[in-house]
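Below is one structure, written out as structure tokens; comments come after it.
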Amino acid sequence: MSERPLIRAVRNVSSVDLYTSGHRTCAGCGAALGYRLLLKAAGPKTVVLGPTGCMYVANGHQFLSSPYSVPWYHTQLGAGGAAGVGTAAAFRSLMMKGKRKKEEVNVVVYGGDGGTGDMGFSGLSMAMGYDYKRFVYVLYDNESYANTGIQASSTTPWGASTTFTPTGKIKRIGNLRMKKNVALIIAAHPGVRYVATATLYPPLDFINKTKKALEADGPAFIHLLVPCPKGWFTDPKYTLDLSRSALETGLWVSWEYENGEFNLSYRPEPRKHVKEYLRMQKRFEHLTDDKIEEIERMTAKEWDYWKEMDEQNRMIIPWVAPP
Amino acid sequence: MPKTASKSVAKTLPKRFMWTGTRAIAEAVKLADVDVIAAYPIRPYTGVMNSLAKMLADGEFAAEIIGADSEHSQFEIAKHASAVGARTFVGSSGVGLAFAAEPIVVTAMGQLPVVAMAGCRALDDPGNFGMEWNDVLTFRDSGWLMSWAKDPQEALDMILVAYRVSEDRRVLLPSFVAVDGAAITHISAPVEQPSREGVAKFLPPYKPQYPLDPASGPITKAQHIAPSLIGPELRKVVDNAMAQAREVIREAWRDFAVFVGREYPPFIENMYIEDAEIALVTMGAYAKDAVHVATKLRQEGVKVGVVRLRYFRPFPQGELAEVLGKVKAAGVVDFSYSFGSADSSSVLFNEVRSALYESGSHPLLMDFMFVGGREPSVEHFEQAVRLLEKGAGKGAVEKHVWWPTLRGESP
């Protein structure tokens, strides 16, 4: 990996926004903020592929304005991986055959949890097996099919109420599936050169991880947790606080995996009780205190693994008994 | 002839090879200097990708070849590579095409000149290696150009022409080159290899007007829209492109004859049609069987001709109306089905009938559905001609949809 100096202070981040006005995302949209940081990090020599999802529908506009100042093309809900490979393959082929000037072009896919963890999983897996450079797939995870009205996906956390997993008179919990750890699965791909997780806080973390991902010597993947006021039933002003709280309660784990080495990017010590994060969100409001304690127990158990991984710098699959 | 003279004659003659349809198509892809190839295995089309992978492994030409995780990814890869400015090749068969339905549809709507080989195969269930057209015809309404080859030679030629027509800025629509499974994909036939120089003159490099490339500045493509704003206009763009393709196809085959040296009528090929009273209408490999039967029956004095469609999209409506307006009865030799359609008949039959509706005089029409993949024999074609003869004599038939290869179906 050729080292490019990472950004140490927010004032050194590019003041140019390549994801700018002209969209109609919700107030406090975490995914939109993620887009902005992503393109600040990637810069203008970038092609962006946008699978169907919130960042497709909400970034489209009835007046045909576009928020993208870089080449951008829609791809189908399950096609993020294939779109990235097709785009990267075209650049490599055209440059190799002298049909286009040789230079570095970034290929970035920004796909949601439904398009990445569910429908596009097979194509993503394929994409991570090839050796295209400056190719990064970013999963923006708002933990549901938010654009279609908050339906559970495979990354919706246990206990969340969604329109496909509503709470009712006999079903008290909401979503009964445990959140799929997509980044761990991607890390198991031998071709992948950089895997990380991040959230919107602190912003430099995601920006620098994007830079590292693009500088890696092959395909890279970042799983980005993005709070969603619409789907989490939170006040738009708390989006960044939620990102921070997710880290501090240990419900979101920020890490990097590169060249076989695992590192935590942030270690919450002492870790705050999960209720601080969960009680901010109406999607969990039906959970009784004993269910919250159950989540706390699972989180504590999972953190035994994360700490061990950090100390040994090795990938271990965490296992926690389901509730 | 002295040795040297025979050598120089051999030099001027085009090289001929015994090639299967898939091998011939691989040659066309190489000659077109395709940049990105997306592969996924399914019979009977797969051979083309095997051949291309070997050519690339041997350094015969340079391209990126991706083995995808599914046909869905395969067609998405081709679509996105095309958007950047690469010439692309892809293909599939049977349920593989069904799995790729979503990217196939958006490739046309994105006006990307992807060229795909379709090795026609019966759709599941159950799995069936037999030949049917329903896999490709699923996409008849989607904005893809569709041509049907009769043999490996024409398959090679149609691929080259497909790039030329698809990439023409008056068209910018993707192309399916359909070849009948087994009958063309797996059967070797003599094929003349076009010269590199000829192809280079015939097929200019692909230069998209708005490539998805930072070097050309930012563009936003296929953004979500409010339907009331440009919904109908976007559909009309594709419709216009399909309409313009008719002239571009004519031009392309004219130039093909000049630069590559083989001549074809652009849309339909007629045999024995001048004085024909009845006609068989078909596409693809089995047109040769139809011609064989017509040749034989002509010797008995039966005035039968054969009409072969080379394109299904755009549909050669005018050409068909003109030629079929002169016969008394025509039978569509069809390898498709459209359950519950008018007369519960087949796709090509319904298209032919619809194309003739407004023309002044039209023949009595019969449908011969060879479905389910059971191989037809020349006897079936002969039977069809006899039934047409009878109908033409009486001016009517009681039953005009036949399943000649179905057990228990006999005239």
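Each reported figure results from applying straightforward, stated rules to the coordinates on display, with no laboratory input. Computed from a predicted structure; not experimentally measured. So basically every Cβ, Gly included, is an ideal-geometry build from the backbone, and we count neighbours across all protein chains shown.
Structure values in brief
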| read-out | value |
| --- | --- |
| Proxy reagent accessibility, fewest Cβ within 10 Å first, across A:Thr197, B:Thr20, A:Thr20 | A:Thr20, B:Thr20, A:Thr197 |
| Percent of C-alpha pairs per 20 Å bin, chain B, short to long | 27, 56, 17, 1 |
| Under 12 Å, Cβ to Cβ, from A:Met315 - net charge with Lys/Arg +1 and Asp/Glu -1 | -4 |
| Charge dipole (chain A, unit charges on Cβ, about Cα centre) - positive-most of A:Leu77, A:Gly120, A:Ala196 | A:Leu77 |
| Calculated Rg and Dmax of segment B:105-240 using C-alpha coordinates, Å | 17.8, 54 |
| Label point distance in nm, A:Glu276-A:Thr288, each placed 7 Å from Cα along Cα→Cβ | 2.7 nm |
| Residue-span extension gain [B:Asn270 to B:Leu234] - 0.36 nm each, minus C-alpha spacing | 9.3 nm |
| Calculated FRET efficiency for the pair A:Thr163/A:Asn313, C-beta based, R₀ 30 Å, to 0.05 | 0.15 |
| q = 0.07 Å⁻¹: log10 I(q)/I(0) that the Debye formula gives for chain A, counting C-alpha atoms only | -0.26 |
| MRE, 222 nm, helices only [DSSP H, n ≥ 4, -39500 (n - 2.57), over chain B, to nearest 500] | -13000 deg cm²/dmol |
| Charge dipole magnitude, Cβ of K and R +1, D and E -1 - chain B, Cα centre, debye nearest 20 | 960 debye |
| Net +/- balance of residues flanking A:Ala27 in space, Cβ distance below 14 Å, scoring K and R +1, D and E -1 | +2 |
| Relative contact order of segment A:12-312, defined on C-alpha pairs under 8 angstrom at six or more residues apart (%) | 17 percent |
| Paramagnetic label zone (point 7 Å from Cα along Cα-to-C-beta, A:Val57; backbone N under 13 Å) in segment A:72-110 | A:77 |
| Förster-model FRET efficiency, 45 Å R0, B:Leu406 and B:Leu56, C-beta, rounded to 0.05 | 0.55 |
| Relative exposure of B:Asp367, B:Asp135, judged by other C-beta atoms within 10 Å (fewest first) | B:Asp367, B:Asp135 |
| Shielding of B:80-92 by partner chains, average beta-carbon count, 10 Å | 6 |
| Centre separation in Å (Cα based) which lies between segment A:270-310 and segment B:115-148 | 53 Å |
| Normalised contact order of segment B:268-402, rounded percent, pairs of Cα under 8 Å and 6 or more residues apart | 27 percent |
| Which of B:Val237, A:Tyr132, A:Trp232, positive extreme of dipole for the protein assembly as shown (C-beta unit charges) | A:Tyr132 |
| Contact order normalised by residue count of chain B, Cα under 8 Å, 6+ apart, percent | 15 percent |
| Order of B:Ile187, A:Ile222 under a 10 Å beta carbon neighbour criterion, fewest first | B:Ile187, A:Ile222 |
| Translational diffusion coefficient (Stokes-Einstein; Kirkwood radius from C-alpha pairs) of the protein assembly as shown at 10 °C, 1.306 mPa s, in µm²/s | 56 µm²/s |
| Within-15-Å neighbourhood charge of B:Leu229 [Cβ basis; K, R +1; D, E -1] | +2 |
| Euclidean distance of C-alpha centroids, segment B:200-260 and segment A:146-175, integer Å | 44 Å |
| Student exercise, the protein assembly as shown dipole from Lys, Arg, Asp, Glu Cβ charges, in Debye to nearest 20 | 1300 debye |
